[in-house]
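Read-outs: derived from the displayed coordinates by stated rules, not from any lab. Note that this is a predicted model, so its numbers are computed, not measured. Cβ atoms come from the backbone with ideal geometry, glycine included; neighbour counts cover every protein chain shown.
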Amino acid sequence: MERDHIVRWAGDLKFTGTSANGHSIVIDGDRQNGVSPMQLMLLGAGGCACIDLVTILKKARQNIIDVWVEIGGDRREELPRYFTNVEMHFVVTGVDVREQYVKRAIALAMSKYCSASAQLAALAEIETSYKIIEAETR
């Protein structure tokens, strides 16, 4: 196993995380100058699921314009304070986007493709919902 990701202390409770391909993010335990590690987990799961959702919808030839996920979670009170419940609300904007494809794409992303969500689901129940917004055509 290569140890090719680095998290380096930057003072106080702030760290810089650098991926194997050189991209960096500020991680801050005080949440003043960057995202907390637990926020980063939610963002990772949301990003992973959205990547899969877009990929699946494009393969289904759905005319999507924008996709995002609103994500939040409840954590247990005792240490370690891992997530016990996570809610992911997907929003898909497009032209004539069919609901059956969105439902199927979310199901596939969450059950088969999204590794970050699968990792999170090891300790948390993940609930999903969605909304489709019809874009105005000119």
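Computed from point charges on the beta carbon alone (+1 for Lys and Arg, -1 for Asp and Glu), the dipole magnitude for the chain about its Cα centre is near 460 Debye.
In the neighborhood of Ile51, defined by Cβ-to-Cβ distances under 15 Å, what is the net charge if each Lys or Arg adds +1 and each Asp or Glu adds -1? Around Ile51, the charge tally is +1.
Residue by residue, the stretch 35-50 carries 3J(HN,Hα) couplings of 8, 7, x, 6, 5, 4, 4, 5, 5, x, 5, x, x, 4, 5, 5 Hz when phi is fed to the Karplus relation 6.51 cos²θ - 1.76 cosθ + 1.60 (θ = phi - 60°); x denotes Gly or Pro.
Under 14 Å from the Cβ of Asp96, count the other residues' Cβ atoms, weight Lys and Arg +1, Asp and Glu -1, and hand me the total.
With Lys, Arg at +1 and Asp, Glu at -1, the net is -1.
Taking a straight Cα-Cα cut-off under 12 Å and skipping sequence neighbours fewer than 8 places away in the same chain, the aspartates and glutamates within cross-link reach of Lys112 are Asp52.
Restricting attention to the stretch 47-138, close to 55% of DSSP beta bridges with both partner residues there are antiparallel.
Applied to the stretch 113-123, the Karplus parametrisation 6.51 cos²θ - 1.76 cosθ + 1.60 on θ = phi - 60° returns per-residue 3J(HN,Hα) values of 9, 7, 5, 5, 5, 4, 5, 5, 5, 5, 10 Hz, with x for Gly and Pro. Applying a DSSP loop filter and a limit of 13 other Cβ atoms within 10 Å to the GluC sites (Glu not before Pro) in the stretch 1-83 leaves Glu2, Glu77, Glu78. In order along the stretch 86-102, phi translates into HN-Hα couplings of 10, 10, 10, 10, 8, 10, 10, 10, x, 10, 6, 6, 8, 4, 4, 6, 5 Hz, rounded to whole numbers, per the Karplus curve 6.51 cos²θ - 1.76 cosθ + 1.60 with θ = phi - 60° and x for Gly and Pro.
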